[in-house]
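Contents: one structure, followed by commentary.
The values are calculated or read from the model by the stated rules, or taken from the named source; none is laboratory data. Quantities reported herein were computed from a predicted structural model and do not represent experimental measurements. Backbone-built Cβ (ideal geometry, glycine too); neighbour counts: all protein chains shown. Ligands, DNA and RNA are stripped out before the accessible areas are found, and what is left, the full protein with its side chains, is counted by its heavy atoms. Shrake-Rupley method; radii C 1.70, N 1.55, O 1.52, S 1.80 Å.
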Amino acid sequence: MLKGKKIILGITGSIAAYKACYIIRGLIKQGAEVQVVITPAGKEFITPITLSALTSKPVISEFFAQRDGTWNSHVDLGLWADAMLIAPATASTIGKMANGIADNMLITTYLSAKAPVFIAPAMDLDMYAHPSTQKNLDILRSYGNRIIEPATGELASHLVGKGRMEEPENIIRVLDEFFSASAELQGRKIMITAGPTYEKIDPVRFIGNYSSGKMGFALAEECARRGAEVTLIAGPVQLKTQHSRIHRIDVESAQEMYEAAQTCFPTSDVGILCAAVADFRPETVAGKKIKREKEEELTLHLQATQDIAASLGKIKEDNQLLVGFALETNDEQQNAEGKLERKNLDFIVLNSLNDAGAGFRHDTNKISIIDRKGREDYPLKPKQEVAQDIINHLIAVLTH
Ligand code: C5P
């Protein structure tokens, strides 16, 4: 979402100024253009040479360029930007911003900026807690500026408390989330099932499968990044969700996943069924651990679980889309097409266990998307990129 975005990065005189390098690197890696404006005190902490090398642009600090006296237009800069980020923002700069004390290039640029402004404070805990700082932050909030709250931890003074500038990756995420809120899937509700299910045999054993949930989680992040409100119904996995627009419901068994999906799908625009749901569960669950000493052999009676995809296919309305996955070992095309019809899906993502690097547990996947019009094959890619391909296809279907 940061691709092509023009960002002014204001740097002020704080130890955390070195972290601005990581912010620049992260923003540029995601395709943004960064123009640094630094205060005189900021230059005591980090050199303009480092910053201009990272941004491939001269760093702006003075009202007039020292070499030829040309005027640095804060007005033009303020209009150029899609966002202005001040990180780190000291108590002094926050105070000047709140009160319009335009005695350096950063503050004049701030006062001219038409774009949304993000402020990441960094200072000692007592300075941060001081009523003066808090009042200034409230004033900035009332102007519509967004404060990226500092974290609690060890400070440059070796004291421990709230005042550490938020980590660069989290600051970048805040900007990314801001831009994705106006993206293609904005206003859409998307339900995703992910991961395996565990079917209890006794209190310590279960029937499960090798699904890691990585594909489903990558899809959830991608949908949220593009503006959707996501409900992620996750089986037992070790993964974390990042985006604040992902609402996660953790379940264990196929029955729990079925119930969560039945509740959620009627109010969703799209259902993406990425979970590797167990097809069978033990008919009865032993109340106590089954002991080997007592049994010569053990027969488990299994009964079929609910097919979540098929059940949602039955209640799907005309304005809803349902996307399924098929992991096949043989007769791939035929099996996938059969599922597309049987489960009333709009399209199905086929991955084969025969392809190296595709399917369960890998960080990569190789897919084909099959719908009633035909089949599209994609090369082996990281699961994040596969998620982008799938969501691009979904957006194309939604917009036609
Ligand atoms: O029939 P099969 O399990 O191969 O179908 C795979 C598709 O159906 C996947 O989208 C999977 O999430 C979904 N499914 C389901 N509930 C089941 C079994 C599969 O939603 N009980």
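Before we move on, is K5 open to solvent by 40 Å² or more (accessible area, probe 1.4 Å), of a type in the set (K, R) and over 25 Å from L155 (Cα atoms)? Give the steps one after another, and end with the answer.
Values: open to solvent by 40 Å² or more (accessible area, probe 1.4 Å): yes; of a type in the set (K, R): yes; over 25 Å from L155 (Cα atoms): yes.
Answer is yes for this residue.
Looking only at the stretch 273-286, filter to residues that are of a type in the set (A, V, I, L, M) and within 8 Å of the ligand (Cβ to nearest atom); which one of those is nearest to A304 (Cα to Cα)? Walk me through it before giving the result.
Here is the first cut: in the stretch 273-286, the residues of a type in the set (A, V, I, L, M) are 273, 275-278, 285-286.
Remaining after also requiring within 8 Å of the ligand (Cβ to nearest atom): 273, 275-278.
On the way: L273: 18, A275: 16, A276: 14, V277: 11, A278: 9 Å.
By that ranking, first place goes to A278.
Could you figure out which of (1) open to solvent by less than 70 Å² (accessible area, probe 1.4 Å); (2) within 28 Å of H393 (Cα to Cα); (3) away from the ligand (no atom under 13 Å from the Cβ) isn't true of I290?
With (1) open to solvent by less than 70 Å² (accessible area, probe 1.4 Å); (2) within 28 Å of H393 (Cα to Cα); (3) away from the ligand (no atom under 13 Å from the Cβ) applied to I290, the lone miss is (2).
Considering only the stretch 213-252, how many residues are of a type outside the set (A, V, I, L, M, F, W, C), open to solvent by less than 50 Å² (accessible area, probe 1.4 Å) and out of contact with any strand residue (DSSP E or B) (no Cβ under 8 Å at 6 or more places or on another chain)? Walk me through how you get there before you give the answer.
At the first step, the residues of the stretch 213-252 found to be of a type outside the set (A, V, I, L, M, F, W, C) are 213-214, 216, 221-222, 225-227, 229, 231, 235-236, 238, 240-245, 247-248, 250, 252.
Keeping just the survivors that are open to solvent by less than 50 Å² (accessible area, probe 1.4 Å) gives 213, 216, 221-222, 226-227, 231, 235-236, 241, 243, 245.
The next check asks that each one be out of contact with any strand residue (DSSP E or B) (no Cβ under 8 Å at 6 or more places or on another chain); those that pass are 222, 226-227.
Number satisfying all stated conditions: 3.
Could you say whether any residue in the stretch 85-101 is part of a loop (DSSP other than H, G, I, E, B) and over 25 Å from D176 (Cα atoms)? Give the derivation first.
If we filter the stretch 85-101 for residues that are part of a loop (DSSP other than H, G, I, E, B), which is where we start, we get 90, 100-101.
Filter once more, so that each one left must be over 25 Å from D176 (Cα atoms): 100-101.
Yes, that holds for at least one residue.
Of the numbered conditions (1) touching a residue at least 60 places away in the same chain (Cβ under 8 Å); (2) open to solvent by less than 80 Å² (accessible area, probe 1.4 Å); (3) of a type outside the set (A, V, I, L, M, F, W, C), E169 fails exactly one; give the number of that condition.
Every listed condition holds for E169 apart from (2).
Residue by residue through the stretch 331-363, note down the ones that are among the acidic types (D, E) and open to solvent by less than 90 Å² (accessible area, probe 1.4 Å). Explain how you work it out, then say what you get.
Of the stretch 331-363, the ones among the acidic types (D, E) are 331-332, 337, 341, 346, 355, 363.
Across the stretch 331-363, the qualifying residues are E332, E337, D346, D355.
With farther than 20 Å from C223 by Cα and either touching a residue at least 60 places away in the same chain (Cβ under 8 Å) or open to solvent by 20 Å² or more (accessible area, probe 1.4 Å) (or both) as the only criterion, which of L398, L380, L321, L394 stands out?
L380
Report the residue count in the stretch 69-119 for those that are open to solvent by 20 Å² or more (accessible area, probe 1.4 Å) and under 25 Å from the mean Cα position of the chain (by Cα).
Residues in the stretch 69-119 being open to solvent by 20 Å² or more (accessible area, probe 1.4 Å) and under 25 Å from the mean Cα position of the chain (by Cα): 2 in total.
Among the residues of the stretch 139-158, which ones are aliphatic (A, V, I, L, M) and more than 25 Å from the chain's Cα centre (by Cα)?
Residues of the stretch 139-158 that are aliphatic (A, V, I, L, M), as a first pass: 139-140, 147-148, 151, 155-156.
Passing the criteria: I139, L140, L155, A156.
State the number of residues belonging to the stretch 239-253 that are touching a Gly at 6+ places or on another chain (Cβ under 9 Å) and either within 19 Å of F280 (Cα to Cα) or modelled with pLDDT under 95 (or both).
As a first pass, look at the stretch 239-253 and keep what is touching a Gly at 6+ places or on another chain (Cβ under 9 Å): 239, 245, 250-253.
Applying the additional criterion that residues be either within 19 Å of F280 (Cα to Cα) or modelled with pLDDT under 95 (or both) yields 245, 251-253.
The total comes to 4.
Condition first: open to solvent by 60 Å² or more (accessible area, probe 1.4 Å), within 16 Å of the ligand (Cβ to nearest atom) and either more than 22 Å from T193 (Cα to Cα) or touching a residue at least 60 places away in the same chain (Cβ under 8 Å) (or both). Now tell me which residues in the stretch 293-318 satisfy that.
In the first step, residues of the stretch 293-318 are kept if they are open to solvent by 60 Å² or more (accessible area, probe 1.4 Å); the result is 293-304, 306-307, 314-315, 317-318.
Next, only the ones that are within 16 Å of the ligand (Cβ to nearest atom) stay: 302-304, 306-307, 314-315.
If the condition is that a residue be open to solvent by 60 Å² or more (accessible area, probe 1.4 Å), within 16 Å of the ligand (Cβ to nearest atom) and either more than 22 Å from T193 (Cα to Cα) or touching a residue at least 60 places away in the same chain (Cβ under 8 Å) (or both), then L302 is the only one that fits.
Would the stretch 276-284 turn up any residue that is open to solvent by 50 Å² or more (accessible area, probe 1.4 Å) and within 25 Å of the chain's Cα centre (by Cα)? Talk me through it step by step, then tell me what you get.
Applying the first criterion (open to solvent by 50 Å² or more (accessible area, probe 1.4 Å)) to the stretch 276-284 yields 279-281, 283-284.
Still in the list and also within 25 Å of the chain's Cα centre (by Cα): none.
There is no residue in the stretch 276-284 that is open to solvent by 50 Å² or more (accessible area, probe 1.4 Å) and within 25 Å of the chain's Cα centre (by Cα).
Evaluate the stretch 41-60: report whether one residue or more is more than 27 Å from the chain's Cα centre (by Cα), crowded, with 19+ Cβ neighbours inside 10 Å and modelled with pLDDT under 95.
yes
Quick check, is K366 among the basic types (K, R), open to solvent by 10 Å² or more (accessible area, probe 1.4 Å), modelled with pLDDT under 90 and away from the ligand (no atom under 16 Å from the Cβ)? Show your work before the answer.
On the way: among the basic types (K, R): yes; open to solvent by 10 Å² or more (accessible area, probe 1.4 Å): yes; modelled with pLDDT under 90: no; away from the ligand (no atom under 16 Å from the Cβ): yes.
Answer is no for this residue.
Need the failing condition index for H130 against (1) in contact (Cβ under 8 Å) with a residue 60 or more places away in the chain; (2) more than 17 Å from A41 (Cβ to Cβ); (3) open to solvent by 20 Å² or more (accessible area, probe 1.4 Å), just the number.
Going through (1) in contact (Cβ under 8 Å) with a residue 60 or more places away in the chain; (2) more than 17 Å from A41 (Cβ to Cβ); (3) open to solvent by 20 Å² or more (accessible area, probe 1.4 Å) one by one, H130 breaks only (1).
Using the structure shown, decide if E149 is out of contact with any helix residue (DSSP H, G or I) (no Cβ under 6 Å at 6 or more places or on another chain), assigned to a helix (DSSP H, G or I) and under 25 Å from H243 (Cβ atoms). Let's see the steps before the verdict.
Working: out of contact with any helix residue (DSSP H, G or I) (no Cβ under 6 Å at 6 or more places or on another chain): yes; assigned to a helix (DSSP H, G or I): no; under 25 Å from H243 (Cβ atoms): yes.
Taking the combined requirement at face value, the residue does not satisfy it.
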